[in-house]
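Visitor: Sharing a structure here in structure tokens format.
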Amino acid sequence: MLRALICDVDGTLAETERDGHRVAFNRAFAELGLPWHWDVPKYGGLLRVAGGYERLLAYMEEREDAPRELAARERLARSLHACKNRHYATLIAHGGLEPRPGVRRLIGQCLSQDIALAVATTTSRGNVEALFPHLFGTRWHELFRAVVCAEDAPRKKPDPLVYRLAIAGLGCRSCEALAMEDSPAGLAAARAAGVACLITRSSYFDNADFTGAAWICANLDAPVRRSNTASARMDVAALRAIHAHTTVAGGKAPAMQPPGKSR
Ligand code: XBP
Ligand code: MG
């Protein structure tokens, strides 16, 4: 039986990567006087590395003008990351990010129909605390039974740690939860923790391979049609139907996928 929905943040609840973190990284580069710039496709490639700090270190590998010594690189990455997170919070405060379609609706429906909510994210806690009041109001803490962030799970996705901690925080079994993700690393993390996973495609992972997902949709307002349910949009009935027909251990992908990728 479905008891909980575990939500990824970046790319899933809002397009935070393209319109938030990427923009904030570029402001941090400028603030620290670096001639570095991540355009939309460049940042897409860098997303193969989970974690903003780790992403900066990976980028320095390809830069001639990055510090040579590892310790100096780490110092610079720490400064840039802290600066980026400040710019990210400022950007949100100025109304730079909105929830993706259907996010607020589905969260509300889950709460009114006894589906507990948790967050499982690779992003830093400060970024969640900056974003969530904007997405869900100042009492957002009351919506989520567990909020697991980078500081809690230092081994980042695709490692399953963040999902294991979310399951523990929820107090349910992994087979009683459904994950909601937008990336292959997130899908792998959820599945490795024994949690079936619904994919809502974000701009950066529009064409990614999501074999093994319990369901794939363009966004939460897209129609859901499958043998055991037909909903105009992703709702609790659809979540329950998708969950009921999923076996993570068996690793089977659904036979059907809704057409279209409109967002
Ligand atoms: C999110 C991440 C994070 C964000 C930036 O992945 O990988 O690193 O890009 O946040 P997911 P930080 O959506 O799979 O959780 O800079 O705080 O790392
Ligand atoms: Mg994500």
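The values are calculated or read from the model by the stated rules, or taken from the named source; none is laboratory data. Just so it is clear, the model here is predicted, and its values are computed rather than measured. Positions of Cβ are backbone-derived with ideal geometry, glycine not excepted, and every protein chain shown enters the neighbour counts. Only protein heavy atoms, including side chains, enter the accessible area calculation; ligands, DNA and RNA are left aside. Shrake-Rupley method; radii C 1.70, N 1.55, O 1.52, S 1.80 Å.
Visitor: Considering region 1-56 alone, what residues qualify as being under 22 Å from Val103 (Cβ atoms), among the basic types (Lys, Arg) and more than 16 Å from ligand 2 (Cβ to nearest atom)?
Guide: Arg3 - this is the single residue of region 1-56 that is under 22 Å from Val103 (Cβ atoms), among the basic types (Lys, Arg) and more than 16 Å from ligand 2 (Cβ to nearest atom).
Visitor: Ok, one more. Among the numbered conditions (1) small (Gly, Ala, Ser); (2) open to solvent by 10 Å² or more (accessible area, probe 1.4 Å); (3) in contact with a strand residue (DSSP E or B) (Cβ under 6 Å, 6 or more places away or on another chain), tell me where Ala190 comes up short.
Guide: Going through (1) small (Gly, Ala, Ser); (2) open to solvent by 10 Å² or more (accessible area, probe 1.4 Å); (3) in contact with a strand residue (DSSP E or B) (Cβ under 6 Å, 6 or more places away or on another chain) one by one, Ala190 breaks only (2).
Visitor: Among the residues of region 157-178, write down those that are assigned to a loop (DSSP other than H, G, I, E, B), within 16 Å of ligand 2 (Cβ to nearest atom) and either open to solvent by less than 50 Å² (accessible area, probe 1.4 Å) or in contact with a Cys (Cβ under 6 Å, 6 or more places away or on another chain) (or both).
Guide: Of region 157-178, the ones assigned to a loop (DSSP other than H, G, I, E, B) are 157-160, 171-173.
Within this subset, residues satisfying the condition of being within 16 Å of ligand 2 (Cβ to nearest atom) are 157-160.
If the condition is that a residue be assigned to a loop (DSSP other than H, G, I, E, B), within 16 Å of ligand 2 (Cβ to nearest atom) and either open to solvent by less than 50 Å² (accessible area, probe 1.4 Å) or in contact with a Cys (Cβ under 6 Å, 6 or more places away or on another chain) (or both), then Lys157, Asp159, Pro160 are the ones that fit.
Visitor: I'd like to know if region 210-222 contains one or more residues that are at pLDDT below 95 and closer than 19 Å to Glu15 by Cβ.
Guide: yes
Visitor: Write out, first by first residue and then by second, each pair whose Cβ atoms fall under 8 Å of each other, whose residues are 6+ apart or on separate chains, and whose first residue, in region 4-18, is outside any strand (DSSP E or B) while the second is among the basic types (Lys, Arg).
Guide: Every condition considered, the pairs that remain are Thr12/Arg100; Leu13/Arg100; Glu15/Arg100.
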